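Participant: Got a structure for you, questions after.
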Amino acid sequence: MPITPAPTPVTDRAALLARLEAAPPADLLVIGGGATGLGVALDAAVRGFDTVLLEAEDFAKGTSSRATKLVHGGVRYLAQGNLALVREALHERAALLRNAPHLASPLAFVMPAYRRWEPWYYGLGLAVYDRLAGRDALGRTERLDRARTLRELPGARAEGLHGGVLYWDGQFDDARLALAIARTAAEQGALVLNHVEVTGLLHEAGRVAGALACDRETGREYRVRARAVINATGVWVDALRARDGEALGRTVEPMVAPSQGVHLVVDRAFLPGDRALLVPSTADGRVLFAVPWLGHTILGTTDTPRRDLALEPEPFAEEVAFILREAGRYLARAPRSEDVTSVWVGLRPLVRPSGAAGGDTRRLSREHTVAVSASGLVTVTGGKWTTYRAMAEDVLEQASAAGLIEHRTAGATATLRLAGAPDGPATHPIAAPAGLHLYGTDADAVLALPGAGRVLAPGVTEAMVRFAARHEWARTVEDVLARRSRLLFLDARAARAAAPSVAAVLQAETGVDPQLAGFEALAARYASLPA
């Protein structure tokens, strides 16, 4: 069987920086390499716009690698009566599963019922969910009796159980999906770079005309000119908006009310099988998930207002206690703090109502917002991973409406298969342990590299590290073990143990400091819970 050739080397850093320095004004400069920014860059490149994307850290370093790993229409939004948001998300769910089957797959959820009315109540609501999905439905909602609930959801607490409801949504590997979008955008002609920080905006005659940027490895500065500048920096959009406002002598009202979501990871033994558990309303009205993912189980999440915007936010002790306590009410084996193999936190960029001071972030909209400033800076924030593609279309349509770019037909990304996508459906669910199947059609290219048989850690080979350096922009140990591999998010102690071996391979590939000590300190934080 012939070996599939390695992907086009569109990620060579020296070549990309030389191209950045020599580039004429771009049509679009996208600032921020999370789900939204990458989606905008891909859509723009597909439409033929000359596009540059710059990310200060690494792709999906922030919120976009810390999701609950669900591709969903939003059952809770259904309960809120937001049918338009649910319908859009269900349509986008189908597109994502179709375009990246190696990184996203259907997942069945079971709501265990400990009160007799629950199967009928939730079953009725989820029947509406199925109807809204239409032909994009992934499976039929079913009411379950007690015996079948325990068969579908081994690990659920049997005491007091009356039955349950099974319904379908999807799950994905968020950081690797971000990489697939980045690679696809680069293959479409976009100039995509990580570890390049935008340090200021360029203005001419009161209009934003580009940005100042700094390569964080060398300290070298660049002037990047563009006809349209897209602020897609997630929870940090207000910082860039404030800079834009200062240049115009204006005060900018914040758009974002950050909300913190904590996730705990435990062994798969706490929820064996391939179904997820969903509690739609815990004792204090929150949603609780127990989700099988890459051979482990994710427990979460919380929704806590947070004023600071740390790049690596830490959980509050009461959030960890809440997750463990509530999980113990629904699992036959209650997880304890010593069972947690990794803890990580994401900040949601929820859109603040005009004039609001924050408060209960659970009540804030999960819809996205696009705003164009007086200078022409286009800011997008809010939304969720599932609808990243629709958000990108909206950004470009509004940039066109503002006269920043010409109008070009949208919709090509709806059927565009992402880098590595096989022709058919996935052969492995995302719940399965990490392995070569996550590389899709690039698996043969990984196997052809030196070290394909040398295992550095669970789900990580030397060849995978080489592939990350050569074809996935990886520069640091964290880039590899947090986002090319997800080991840091699954087992922080195992990631720390593997770090020296990964660092040696990475340094040989890139010739730069892989920042081993910094990663070891980070892994220690992911491995520990607040007192």
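Participant: Only residues that are within 16 Å of THR51 (Cβ to Cβ) and touching a residue at least 24 places away in the same chain (Cβ under 8 Å): list them for region 405-420, please.
Facilitator: Those that are within 16 Å of THR51 (Cβ to Cβ) and touching a residue at least 24 places away in the same chain (Cβ under 8 Å): ILE405, ARG408, ALA410, ALA412, THR413, LEU416.
Participant: Also, quick follow-up: Taking the condition more than 22 Å from the chain's Cα centre (by Cα), within 28 Å of GLY435 (Cα to Cα) and crowded, with 18+ Cβ neighbours inside 10 Å, does LEU294 pass?
Facilitator: no
Participant: Starting from region 112-134, take each residue that is more than 18 Å from GLY74 (Cα to Cα) and list its partners that are open to solvent by 30 Å² or more (accessible area, probe 1.4 Å) and outside any helix (DSSP H, G or I), counting only C-beta distances under 6 angstrom and pairs at least six apart or across chains.
Facilitator: Listed pairs, sorted by first residue: ALA113/HIS162; TYR114/GLY160; ARG116/HIS162; PRO119/ARG143.
Participant: Here's something else I'd like to know. Suppose we keep only residues that are under 26 Å from LEU42 (Cα atoms), among the aliphatic types (A, V, I, L, M) and modelled with pLDDT of 95 or more within region 232-255. Which one would you say is most open to solvent (accessible area, probe 1.4 Å)?
Facilitator: Within region 232-255, the match that is most open to solvent (accessible area, probe 1.4 Å) is ALA239.
Participant: If you don't mind, there's one more thing I want to ask. Taking region 317-333 only, how many residues are open to solvent by 70 Å² or more (accessible area, probe 1.4 Å) and not in a helix (DSSP H, G or I)? Break it down stepwise before answering.
Facilitator: The initial filter retains those residues of region 317-333 that are open to solvent by 70 Å² or more (accessible area, probe 1.4 Å), namely 318, 325, 329, 332-333.
Then drop every residue that is not not in a helix (DSSP H, G or I), which leaves 332-333.
Summing the residues that are open to solvent by 70 Å² or more (accessible area, probe 1.4 Å) and not in a helix (DSSP H, G or I) in region 317-333 gives 2.
Participant: Next up: Could you tell me which of the residues VAL229, VAL266, VAL262 is in contact with a Leu (Cβ under 6 Å, 6 or more places away or on another chain) and either open to solvent by less than 50 Å² (accessible area, probe 1.4 Å) or within 15 Å of THR68 (Cα to Cα) (or both)? Walk me through how you get there before you give the answer.
Facilitator: Details: VAL266 fails: in contact with a Leu (Cβ under 6 Å, 6 or more places away or on another chain); VAL262 fails: in contact with a Leu (Cβ under 6 Å, 6 or more places away or on another chain).
Step by step, each of VAL229, VAL266, VAL262 is checked, and only VAL229 is in contact with a Leu (Cβ under 6 Å, 6 or more places away or on another chain) and either open to solvent by less than 50 Å² (accessible area, probe 1.4 Å) or within 15 Å of THR68 (Cα to Cα) (or both).
Participant: What strands (runs of 3 or more DSSP E) completely inside region 116-226 contain at least 3 residues that are surrounded by 21 or more Cβ atoms within 10 Å (Cβ to Cβ) and in contact with a helix residue (DSSP H, G or I) (Cβ under 7 Å, 6 or more places away or on another chain)?
Facilitator: Counting at least 3 such residues, we get 163-172, 191-193.
Participant: Please state which one of GLU393, GLU367 is open to solvent by 30 Å² or more (accessible area, probe 1.4 Å), at pLDDT 95 or above and closer than 30 Å to GLY48 by Cα.
Facilitator: GLU393
Participant: Just give me the residues in region 1-41 being modelled with pLDDT under 95, among the hydroxyl-bearing types (Ser, Thr, Tyr) and closer than 24 Å to ASP479 by Cα, in sequence order.
Facilitator: Once the filter is applied, which keeps residues that are modelled with pLDDT under 95, among the hydroxyl-bearing types (Ser, Thr, Tyr) and closer than 24 Å to ASP479 by Cα, region 1-41 yields THR8, THR11.
Participant: Could I ask something else about it? For region 297-316, name all the residues that are assigned to a loop (DSSP other than H, G, I, E, B) and within 21 Å of the chain's Cα centre (by Cα).
Facilitator: THR301, THR302, ASP303, ARG306, ASP308, LEU309, ALA310, LEU311, GLU312, PRO313, GLU314, PRO315
Participant: Can you pull out every residue in region 28-43 that is assigned to a loop (DSSP other than H, G, I, E, B) and either closer than 20 Å to GLY376 by Cα or open to solvent by 10 Å² or more (accessible area, probe 1.4 Å) (or both)? Lay out the reasoning, then the answer.
Facilitator: Of all residues in region 28-43, those assigned to a loop (DSSP other than H, G, I, E, B) come to 32-34.
Of everything in region 28-43, those that are assigned to a loop (DSSP other than H, G, I, E, B) and either closer than 20 Å to GLY376 by Cα or open to solvent by 10 Å² or more (accessible area, probe 1.4 Å) (or both) turn out to be GLY32, GLY34.
Participant: Please work out if HIS91 is open to solvent by 50 Å² or more (accessible area, probe 1.4 Å) and either under 25 Å from THR387 (Cβ atoms) or among the polar types (S, T, N, Q) (or both). Break it down stepwise before answering.
Facilitator: Numbers: open to solvent by 50 Å² or more (accessible area, probe 1.4 Å): yes; either under 25 Å from THR387 (Cβ atoms) or among the polar types (S, T, N, Q) (or both): yes.
So HIS91 fits the description; yes.
The values are calculated or read from the model by the stated rules, or taken from the named source; none is laboratory data. Quick caveat: nothing in here was measured; it's all calculated off a predicted structure. Here the Cβ is made from the backbone with ideal geometry for all residues, glycine too, and neighbour counts use every protein chain on show. Only protein heavy atoms, including side chains, enter the accessible area calculation; ligands, DNA and RNA are left aside. Shrake-Rupley method; radii C 1.70, N 1.55, O 1.52, S 1.80 Å.
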